[in-house]
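FYI, it's all coordinate maths here, none of it is from the lab. Because the structure is predicted, anything quoted here is derived from the model rather than measured. All Cβ positions, glycine included, derive from the backbone under ideal geometry; neighbour counts span all protein chains shown.
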């Protein structure tokens, strides 16, 4: 037995030594570590994920709601929320893309990966200023310390002041630009600009312009804006636009959220479009109309029929401004210059397809999905409005549209506001700059729309004769923009000029509700947007905090989101109806 034991000891000793040598070669065979599961995501994956999940979240329900705030559609147009309304969105942003971005900033070495770091810093400035614009004060400096290693864990982060977050955002932008300026390092996984540092720097300066315009009522920003304009390194053309391009995949579905609502799963499910926007675009013969709006019907509903009456927009109200288009003298006078009773059958049938709602119409929602005007070829990459008809069954379009985030035309609207209110010199007259902004936006509409649908044509001069069912003679792009430019109130007051410009921005920023929501809180313009027909709550000056934050974080401020006391720091107007 002794002999056997000694041999076993010798064998085990040799085995342990051998395993130790193998362990040295394979780093460590720790049974608690899965060698197939990385403990640190790659910079490439962190960047892709933080971009896609972050921007697509802002471009989804939040974007839809902010369009509703400005009567573009009817989503949340009564401003009625609870703390549960955005609970999931808040939690996802902090646990997903914002956390990934924080990890990317921590992992990107400024010596070897400066461009990853620079992009991440600029994105962080964008994301968190968006958070401030929506919620006001939010967790920032302590936001991601719940699983901190080597330092104190913070499970209840404080809420940083919105003004402090903005101040840090300006610093982050400058640091980001500095990290992108050098020649060292390259970037993979950038789904916006493909790692192009030059374009990211232009975006960063454009973001800075956005934030300077946003805060112009609470601090003196004229000189800082003029410095950016003088340097000239900002987004000036469509090729440099900061946009998210959605995909065309059905599974997993990464198509544009407006497309998903309007084309997937049977009859169109998109929320109603606002009647005012459609009326004004029809009345001005705006050639973007068939790119924005897709009609589904030419049937004129009969108000004497009890079933039809319940379906007709505003049939249960007497205080509608626009009502049901084929029967509304207000609309038919605006579009055709005659009362509804004098319309031709073709004119009435055409208007029947523009089926939306007046702002905050509290009537019940009937089964009218096959009738509602739905989203068209821009920005969701659905159908061009060549003919009326169903969009159900996912038959047409691709859905690979865009979320326009910061674009050349938006920047030109920023410069117009700065020029009108702060005396900044852009180098162009107001009217010329306005015309240039619209020219850029039209180009993007044509590009996205004509790519999505072969029936879409870039201008009315190329629309074929087969589109003769249209009962509105739309203007060419050149004529429309010339009309807008000629009507600019050059001799008007500052408020008249800015109101005119922001009304054009209201139409041009279709697909981005944040621009209009921020501009309105900042200025109260455009002042002629239809008043809500019912108002369970006041105008939403911010969004309510998430219910989970209220329950679990004792630092969550108490606020009433539609009260002036809960306005974001840059909102000196604190609008109330």
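Normalised by the number of residues in the chain, the mean separation of alpha-carbon contacts (under 8 Å, six or more apart) gives a relative contact order of 19 percent.
Mean 1/r over all different Cα pairs, inverted: what Kirkwood radius does the range 143-268 give, in Å? Working shown, then result.
Values: mean 1/r = 0.0545 Å⁻¹.
The Cα-based Kirkwood calculation yields 18.4 Å.
Here the label points at residue 198 and residue 42, each 7 Å from Cα along the C-beta direction, are separated by 2.7 nm in the simple model. Note on residue 309 and residue 230: their simple-model spin labels are 6.9 nm apart, each label 7 Å out from Cα toward Cβ.
Just from its helices, what would the mean residue ellipticity at 222 nm be for the chain, if runs of 4 or more DSSP H residues each count -39500 (n - 2.57) and the sum is divided by every residue, rounded to the nearest 500 deg cm²/dmol?
It lands at -14000 deg cm²/dmol.
If I take R0 = 30 Å and measure r between the Cβ atoms of residue 527 and residue 81 in this structure, what FRET efficiency does the formula 1/(1 + (r/R0)^6) give, to the nearest 0.05? Taking R0 as 30 Å, the efficiency between residue 527 and residue 81 is 0.75. Please give the Cα centre distance for the range 524-571 versus the range 242-285, rounded to the nearest Å. Comparing the Cα centres of the range 524-571 and the range 242-285, I get a distance of 26 Å. Three semi-axes describe the equivalent ellipsoid of the range 352-456; taken as square roots of 5 times the Cα gyration tensor eigenvalues and ordered largest first, they are 34, 20, 11 Å.
On the beta carbon distance between residue 339 and residue 454, with R0 = 56 Å, the FRET formula returns roughly 0.90. Inter-label distance, residue 439 to residue 111: 4.9 nm, where each label sits 7 Å from its Cα along the C-beta direction. By other beta-carbon atoms within 10 Å, ranking 533, 281 with the fewest at the front produces 533, 281. Each part gets one Cα centre, and for the range 161-217 versus the range 42-101 those centres are 20 Å apart. Dimensions of the chain based on its C-alpha atoms, expressed as ranges along the principal axes with the largest first, amount to 115, 58, 49 Å.
Beta-bridge orientation, the chain: approximately 90 percent antiparallel, per DSSP, counting only bridges with both partners inside.
How much of the pair distance distribution for the range 268-307 lies past 16 Å, counting alpha-carbon pairs only, in percent? Summing the P(r) tail past 16 Å for the range 268-307 gives 52 percent. Scaling against 2.2 N^0.38 Å puts the C-alpha radius of gyration of the range 57-191 at 1.19. Taking 0.36 nm per residue of sequence separation and removing the Cα-Cα distance, the residue 223/residue 387 pair yields an extension gain of 54.0 nm.
For the range 60-117, the alpha carbon convex hull comes to 96 Å³ per residue, rounded to a whole number. Between the Cα long axis of helix 2-25 and the first principal axis of the chain there is an angle of about 40°, rounded to the nearest 10. Relative to the longest principal axis of the Cα atoms of the chain, the long axis of helix 114-135 lies at roughly 50 degrees.
Listed peptides 347-359, 471-483 appear in the order 347-359, 471-483 once ranked by packing, highest mean of other Cβ atoms within 10 Å at the front.
Seen against the Cα atoms of the chain and their longest principal axis, helix 494-508 is set at about 70 degrees.
Can you give the relative contact order of the range 54-148 as a percent, counting alpha carbon pairs under 8 Å and 6+ residues apart?
19
Taking a point 7 Å from the Cα of residue 550 along the Cα-to-Cβ direction, the residues of the range 57-86 with backbone N closer than 18 Å to it are 79-86.
What translational diffusion coefficient, in µm²/s and rounded to a whole number, does the Stokes-Einstein relation yield for the range 255-331 at 25 °C and a viscosity of 0.890 mPa s, taking the hydrodynamic radius as the Kirkwood radius over Cα pairs?
Diffusion coefficient, whole number: 172 µm²/s.
Report note on the peptides 492-505, 433-446: ranked by the mean count of other C-beta atoms within 10 Å, highest first, their order is 433-446, 492-505. Take every Cα pair under 8 Å in the range 188-307 that's 6+ residues apart, average their separations, divide by the length, and report that relative contact order as a whole percent. Computed over the range 188-307, the figure is 17 percent. Take 412-420, 453-461 and order them by the average number of nearby Cβ atoms within 10 Å per residue, most first; the result is 412-420, 453-461.
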